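Chemist: Here it is: the structure, laid out below.
Read-outs: derived from the displayed coordinates by stated rules, not from any lab. A quick note: this is a predicted structure, and the numbers were derived from the prediction, not measured. Neighbour counts are summed over all protein chains in view; Cβ atoms, including those assigned to glycine, are modelled from backbone coordinates with ideal geometry.
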Amino acid sequence: MLRIFNRALLTATALCACAFSYAQDGLTLSDAKVRQFLPAASSSVGYFTLKNDSQRERTLKAVELESLGRVEIHTHEHSDGMMKMRQLDSLTIGANSRVVLQPGGLHLMLFLPQQALSVDQTLKMTLIFADGERVHGQARVFSLIEQKRDNGSEHHHN
Ligand SMILES: [Cu+2]
């Protein structure tokens, strides 16, 4: 039943290729993107925004991405005056709140690409929650040049 619903939702979303946004059971996945691997690099990064419009806290346990052998959830933290990355076992999204994975903060770390990724290619993405719930979406492949341009015009809001 839920599977049929998911498929219908994906089909409906696919009709509007411009909107990379997927809503399901109060959870909305948007802006999912994966950076192209640099030549000879063994890892790359991915980002997305996840909004939780439900009344319950959700715990993201894992992320799966098509064509990528391993995906880890990472955070950046200050340690002895240096920024360090640390892998997280899970990521909690409070009721009526959202998490944003973005450069310099929370991010996905991607390993073991099973094929070369080309810019604007879309990869199936699955978010797996602690209660077994799954949210499906698609991530767009972007280039490092695009990321630099985005960072250059980045504004910080507190
Ligand atoms: Cu990392």
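Chemist: Take the residues in the range 37-61 that are surrounded by 13 or more Cβ atoms within 10 Å (Cβ to Cβ) and hydroxyl-bearing (Ser, Thr, Tyr); name whichever of them is nearest to the ligand (Cβ to nearest atom).
Modeler: SER43
Chemist: Hey, among ASP53, ASP31, which residue is within 19 Å of PHE142 (Cβ to Cβ) and of a type in the set (D, E, K, R)?
Modeler: Of ASP53, ASP31, the one residue that is within 19 Å of PHE142 (Cβ to Cβ) and of a type in the set (D, E, K, R) is ASP31.
Chemist: Now for a different question. Could you tell me how many of the residues in the range 64-105 are polar (S, T, N, Q), within 16 Å of the ligand (Cβ to nearest atom) and surrounded by 14 or more Cβ atoms within 10 Å (Cβ to Cβ)?
Modeler: Of the residues in the range 64-105, 2 are polar (S, T, N, Q), within 16 Å of the ligand (Cβ to nearest atom) and surrounded by 14 or more Cβ atoms within 10 Å (Cβ to Cβ).
Chemist: How about the range 106-140: which of its residues are within 16 Å of the ligand (Cβ to nearest atom) and without any contact (Cβ under 8 Å) to a residue 40 or more places away in the chain?
Modeler: LEU106
Chemist: For the range 79-132, name all the residues that are in a loop (DSSP other than H, G, I, E, B), charged (D, E, K, R) and under 18 Å from the mean Cα position of the chain (by Cα).
Modeler: Scanning the range 79-132 gives ASP89, ASP120.
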